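The values are calculated or read from the model by the stated rules, or taken from the named source; none is laboratory data. Since the model is a prediction, treat every value here as computed from it, not as a measurement. Note that we place each Cβ from the backbone using ideal geometry, even for glycine, and neighbour counts take in every protein chain shown.
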Amino acid sequence: MQIYKAPIDDMRFILEAFGYDELVGSLPDYEAFDLETVTAILKESGKFCTNEMLPLNRKGDQEGLTYDPETSSVTLPEGFKALYAKFVESGFAGIAHPEEFGGGGGPATLALMLSEMATATNKSFSMCPGLTHGLVEALLHFGTDQQKKDYLPKLVSGEWSGTMCLTEPQCGTDLGLVSTKAIPEGDHYKLTGTKIWITFGEHDLTENIVHLVLARLPDAPPGIKGISTFLVPKFTLDGRRNPVFCTGLEHKMGIHASPTCVINLEDAEGYLVGQPHKGMRAMFVMMNAARISVGLEGVALGEIAYQTALAFAKDRRQSRSLDRAKQDKDAAADNILVHPDVRRMLLNVKSTTEGMRGLAYWVGMHMDISQHHPDEATRQKSDDFVALLTPIVKSFCTERGFANVSEAMQVTGGAGYTTDWSIEQYMRDARIAMIYEGTNHIQALDLVGRKLPQANGRLIKGFVDEIKRFIGEHKEDESLAEFLGPLKDASKTLGEVTMQLAMKGMQDPEEAAAVASNYLNLFGLTALAYIWAHQVAACIGKEGRFYRSKIKTARYFYNMILPESAGLVAIISKGKDHMMAFEVDEL
């Protein structure tokens, strides 16, 4: 059973709570995308995702992909090609790309919201346009005028798709080990090498596939400083088949309708993007554009799993309520929603999912502000928020999202473990998000090793100051008192732990690395506490069940989830000693 209702009301509320019209909708570039217009687009996209994408989700999972070694071709499950054609026709593909190249000119915030619904209803399918979006961003930043003219219109429209070719058999996280070669030849380069784990590296949805490939020039210095980036299309602009071939598919735990390819380049024609040996700049633009969307995958799959589990719980009867007043005398057993532990599991998912959605959208709004606000200081402040919180959104939301899908499965019991209720697919599909676009520990290392010390701590200070500003602005509001006190305490604790981490890390880098993941999760809980307090503030004085429920959900988060911080603080204080005390042969 596949159950999904696009959470449009919550999406709109979050935008209202954080002042979308004042912060983003008022920007000159986005005046056409006010809250009402965005809501209308969300509703249409929600219908498309529910009516067109969701019905093919389980089919794609069960049918899988077909690889033909004779032609090096990959065929997606039945119905996917027609679905993609409808997707392109809908105009959703390029809605946030520049009008200059055929896009809709919409804000990044809108694109993130659309990606959540697409991921929830068909994660495998959504990965194709998601990767294309990243390639478009890389070309907008680093492509030549001619490259933009030649490639962007068809990438933006969705007629062509894009990939990101980083990983090789000997290197994943450590891209300094890339060995693919790029030899100059006239106005282009010849690339030779093997790339693995290339999502949508070959498929039958589009007439052309454009790969963004990391490779080394003959004079490249060793390590990461010797990486260059190249465009390598499946078909060149004059129609020739480029020798870049899929030589096999990975057999994966999940996302069975998303081709994960081994790609061989054999003197493939490629074109330099950006400066020689500076390729990681372009690749990081593509990766950072993807990391917020990856974080939202945890939100998306947690949401659809929650809706499924809730529907199951409303129908399922097992045992008797421990409160005699709640027992249904006309039935042999009570609905399982009477049991406190079922409530606990559902509310664990609901409170964190809605909090993480708010965090991701808030970061999305600052992405738009950092790129388009006329005031330089405002742009810098927003850019700092984005830089600081991107690893948190990617890591915290994917980790918690996976746990939430597991929690939803627990609500449904054995039924959730079968294919009947689809949660087992969501769990398999969700697991990869903690690995790709930089594993979660890499995100934690980025946070403690780069973002915290950046600009003498300006980024973390800016975020803490934002919390202080919010508390000061609402300190006279008695309705918020139960939230402001714990938020202040959480912010203070985060600041103290950050200082301790910085001091230990300066003396011994392993100390920081050993606690980085737990520190990131502590930061994530604090960030969600801020997001929830902001949402509660937006509910004060408003009538209606939606707003009352929001406040109850925030109260649950503050009392049942935020206290996890104390355990994380205790673990962080222990440092590296207990994990590094073992000899290799003791492990």
Kindly provide the set of residues from segment 411-465 that are aromatic (F, W, Y) and either assigned to a helix (DSSP H, G or I) or in the same structural domain as N122 (by TED's automatic domain parsing) (or both), ordered by number. Y417, W421, Y426, F463
By residue number, the members of segment 292-314 that are surrounded by fewer than 24 Cβ atoms within 10 Å (Cβ to Cβ) and in contact with a helix residue (DSSP H, G or I) (Cβ under 8 Å, 6 or more places away or on another chain) are L310, F312, A313, K314
Could you check K234 against (1) of a type in the set (D, E, K, R); (2) touching a residue at least 40 places away in the same chain (Cβ under 8 Å); (3) closer than 27 Å to G64 by Cβ and say which number it fails? (2)
Of all the helices (runs of 4 or more DSSP H) wholly in segment 1-94, which have at least 3 residues that are charged (D, E, K, R), more than 23 Å from the chain's Cα centre (by Cα) and surrounded by fewer than 21 Cβ atoms within 10 Å (Cβ to Cβ)? 80-90
Let me spell it out: the conditions are (1) under 21 Å from E303 (Cβ atoms); (2) under 15 Å from the mean Cα position of the chain (by Cα), and G438 meets all of them except one. Which number is the exception? (1)
Which members of segment 414-441 meet the condition of being surrounded by fewer than 16 Cβ atoms within 10 Å (Cβ to Cβ) and either of a type in the set (D, E) or without any contact (Cβ under 8 Å) to a residue 40 or more places away in the chain (or both)? G414, Y417, T418, D420, I435
How many residues does segment 442-468 contain that are closer than 14 Å to L389 by Cβ, surrounded by fewer than 20 Cβ atoms within 10 Å (Cβ to Cβ) and small (G, A, S)? 1
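Yes/no per residue for (1) surrounded by 19 or more Cβ atoms within 10 Å (Cβ to Cβ); (2) in the same structural domain as A96 (by TED's automatic domain parsing); (3) free of Cβ contacts under 8 Å to residues at least 24 places away in the same chain; (4) part of a helix (DSSP H, G or I):
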residue: S321; (1), (2), (3), (4): no, no, yes, no
residue: D330; (1), (2), (3), (4): no, no, yes, no
residue: R344; (1), (2), (3), (4): no, no, no, yes
residue: M356; (1), (2), (3), (4): yes, no, no, yes
residue: W362; (1), (2), (3), (4): yes, no, no, yes
residue: S370; (1), (2), (3), (4): yes, no, yes, yes
residue: Q380; (1), (2), (3), (4): no, no, yes, yes
residue: L388; (1), (2), (3), (4): yes, no, no, yes
Got a sec? Which of K252, K225 is at pLDDT below 95 and either surrounded by fewer than 23 Cβ atoms within 10 Å (Cβ to Cβ) or aromatic (F, W, Y) (or both)? K225
When T419 is run through (1) in contact with a Gly (Cβ under 7 Å, 6 or more places away or on another chain); (2) closer than 29 Å to D341 by Cβ, the failure sits at (1)
Considering only segment 137-157, state which residues are crowded, with 24+ Cβ neighbours inside 10 Å and closer than 26 Å to N57 by Cα. L155, V156
So, first residue more than 11 Å from F33 (Cβ to Cβ) in segment 96-110, second residue surrounded by fewer than 22 Cβ atoms within 10 Å (Cβ to Cβ) and of a type in the set (S, T, Y), Cβ within less than 9 Å, six or more apart or across chains; the pairs are F101/S157; G102/S157; G103/S157
